[in-house]
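Novice: After the structure tokens below, expect a handful of questions from me.
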Amino acid sequence: MKICILSSGHEVSDPRVYDKEIRSLQTLYKDITFVGPHPCEIDEKHDLHILGLPPRQTSSLLRRFSPLFALYRKGLSVQADVYHCHEPDSLFIGWLIKLKLGSKLIYDCHEYHPESFAERFPAFMRKLMTKCITNFEKMLARKTDYVFTVCEELVNKFKNWGCRVDLIANYPSKHAYTPSAYKSDVKQGIWVGGMNQERGLLEIVKACAILKQKGIIINLLFIGWGNQTYIAKLEAEIVENDLSQQVKIVGKMPTEQVFQHLQKADFGLLMDYPLSRNMNTIALKMYEYMAAAIPVVANDFPATRKLVEAHQLGELVDPLSPVDIARGIENLYNEPFNAFNMGKNGRIAYEMHYNWDVMEKTLFQAYQTLESNPLPKNMTQGQAYL
């Protein structure tokens, strides 16, 4: 079976796209092509064929959507049996190709696309834009042969739309490394991911300043990427609080390097703002902290609270309150043995339930279903431990 991965925004280096799904699928299927953003027009990576597109530009709607013509042309040239799409706009292209070739179509939805895209518009337009994009996504999703998504809330959304859907959570791949041993102090925090206002980085920096005033010196490492205007604002906050020696910002890096830094850290931070799309989801970084056997200081939202309390993983705080964030960090700082045990609890839970090997089985089953006897729509095969 020939597979084509279509992506308008996710690069081939995206951990879910390549490290997990493509690498897993390559154990069963040898002819896989990725069509999406890539520096080279034609490339190969570990037996993966790559047809590259220029990076998606977000400065205007025209620049954002103009690469879709090339995505259609290159995707059609693959003549695949299955088209696996990662965004609503690449799903639209996949649907057009399905109309022409009769191929199978998969929508891999690992974000809240309507809500996220609507935030690009003025506040008074966001409700309308969310509704319009949701209707567009619904129309396309109902044309698919399978939908994969990452949380129960999105599973229920697609089931209600009449889609055949599986939960394939974004758990980390298993990494061959030994978690750090017990330390007598807790002083190195880490944060990983996209940098923007809703990730709560300014509040984390302010919490670090509060702790410094109390004589508690905490070093922070921010690993990720984001809007340069926001990063400049974050850097100014660091300088204003005299934290340049304690707080460092580094750019996006390969997963292997991220885990090297996670091994050196004493705790991980998750401070997403209380937006509706964050209430019932858990960011990938939470599972990465668990894999690294480090305790967490995390936002006190329903999904996060359920996970943290079930496995005793760390401290829950108000992400909008630097004082409360400082409290959570201080509790770990003052109780290093408890912090160590919380990290160990996370590692055990990761090894048992929250790793990619668990989700890989559902991915294989879904693809094999497309090859053989289709199941009735609305049947969900994948299950997750939430």
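The values are calculated or read from the model by the stated rules, or taken from the named source; none is laboratory data. Given the structure is predicted, the values throughout are model-derived calculations rather than measurements. Don't worry about glycine lacking a Cβ; one is built from the backbone with ideal geometry, like all the others, and counts go over all protein chains shown.
Novice: Any chance you could count how many residues in the stretch 232-251 are surrounded by fewer than 16 Cβ atoms within 10 Å (Cβ to Cβ) and part of a loop (DSSP other than H, G, I, E, B)? First the steps, then the outcome.
Specialist: So in the stretch 232-251, the residues surrounded by fewer than 16 Cβ atoms within 10 Å (Cβ to Cβ) come out as 232-233, 235-236, 239-240, 242, 244-245, 248, 250-251.
Checking which are part of a loop (DSSP other than H, G, I, E, B) leaves us with 242, 244-245, 251.
Selection size over the stretch 232-251: 4.
Novice: Looking only at the stretch 47-66, decide whether some residue is closer than 24 Å to V165 by Cα, modelled with pLDDT of 90 or more and in the same structural domain as E137 (by TED's automatic domain parsing). Give the derivation first.
Specialist: Step one: list which residues in the stretch 47-66 are closer than 24 Å to V165 by Cα, which gives none.
No, the stretch 47-66 contains no residue that is closer than 24 Å to V165 by Cα, modelled with pLDDT of 90 or more and in the same structural domain as E137 (by TED's automatic domain parsing).
Novice: Which of (1) at positive phi; (2) without any contact (Cβ under 8 Å) to a residue 40 or more places away in the chain does L128 not meet, given it meets every other one?
Specialist: So L128 meets the others, but not (1).
Novice: Please tell me if Y18 is among the hydroxyl-bearing types (S, T, Y) and surrounded by fewer than 19 Cβ atoms within 10 Å (Cβ to Cβ). Walk me through it before giving the result.
Specialist: Details: among the hydroxyl-bearing types (S, T, Y): yes; surrounded by fewer than 19 Cβ atoms within 10 Å (Cβ to Cβ): no.
When the stated conditions are applied, Y18 does not pass them.
Novice: Restricting to the stretch 244-263, give me the number of residues that are touching a helix residue (DSSP H, G or I) at 6+ places or on another chain (Cβ under 6 Å) and closer than 14 Å to L201 by Cα.
Specialist: 1
Novice: Just wondering, is there one or more residues in the stretch 85-101 that are modelled with pLDDT under 90, at negative phi and assigned by TED's automatic domain parsing to the domain that holds M139? Write out each step before concluding.
Specialist: Step one: of the stretch 85-101, the residues modelled with pLDDT under 90 are none.
Within the stretch 85-101, not a single residue is modelled with pLDDT under 90, at negative phi and assigned by TED's automatic domain parsing to the domain that holds M139.
Novice: Oh, and also: Among Y273, Y289, which is aromatic (F, W, Y), assigned to a helix (DSSP H, G or I), within 25 Å of E111 (Cα to Cα) and within 24 Å of the chain's Cα centre (by Cα)? Show your work before the answer.
Specialist: Working: Y273 fails: assigned to a helix (DSSP H, G or I).
Within the list Y273, Y289, the selection yields Y289.
Novice: Give me a count of the residues in the stretch 341-368 that are assigned to a helix (DSSP H, G or I), buried (at least 18 other Cβ atoms within 10 Å of the Cβ) and polar (S, T, N, Q).
Specialist: Count: 2.
Novice: Out of the stretch 272-292, which residues are surrounded by 22 or more Cβ atoms within 10 Å (Cβ to Cβ) and of a type in the set (A, V, I, L, M, F, W, C)?
Specialist: Hits for the stretch 272-292 are I282, M286, M290, A291, A292.
Novice: When only residues in the stretch 30-46 that are under 23 Å from W356 (Cα atoms) and modelled with pLDDT of 95 or more count, which is surrounded by the fewest Cβ atoms within 10 Å (Cβ to Cβ)? Give the steps one after another, and end with the answer.
Specialist: Taking the stretch 30-46 as the starting set, the residues that turn out to be under 23 Å from W356 (Cα atoms) are 30-34, 45-46.
The next check asks that each one be modelled with pLDDT of 95 or more; those that pass are 31-34.
On the way: D31: 14, I32: 24, T33: 19, F34: 26.
Per the stated criteria, the residue is D31.
Novice: What strands (runs of 3 or more DSSP E), lying completely within the stretch 1-90, carry at least 3 residues that are farther than 22 Å from Y112 by Cα?
Specialist: Values: elements: 3-6, 32-37, 42-45, 48-53, 82-85.
The qualifying strands (runs of 3 or more DSSP E) are 32-37, 42-45, 48-53.
Novice: Hey, D89 hits all of (1) touching a residue at least 40 places away in the same chain (Cβ under 8 Å); (2) farther than 14 Å from G9 by Cα; (3) buried (at least 21 other Cβ atoms within 10 Å of the Cβ) but one; which does it fall short on?
Specialist: (2)
Novice: Based on this model, can you work out whether L211 counts as in the same structural domain as S244 (by TED's automatic domain parsing), of a type outside the set (K, R) and outside any helix (DSSP H, G or I)? Spell out the reasoning first.
Specialist: Details: in the same structural domain as S244 (by TED's automatic domain parsing): yes; of a type outside the set (K, R): yes; outside any helix (DSSP H, G or I): no.
So L211 does not fit the description; no.
Novice: Do we find a residue being under 22 Å from A70 (Cβ atoms), of a type outside the set (S, T, Y) and in the same structural domain as N160 (by TED's automatic domain parsing) anywhere in the stretch 119-134? Spell out how you get there, then give the answer.
Specialist: Going through the stretch 119-134, the residues under 22 Å from A70 (Cβ atoms) turn out to be none.
Checking the stretch 119-134: not a single residue is under 22 Å from A70 (Cβ atoms), of a type outside the set (S, T, Y) and in the same structural domain as N160 (by TED's automatic domain parsing).
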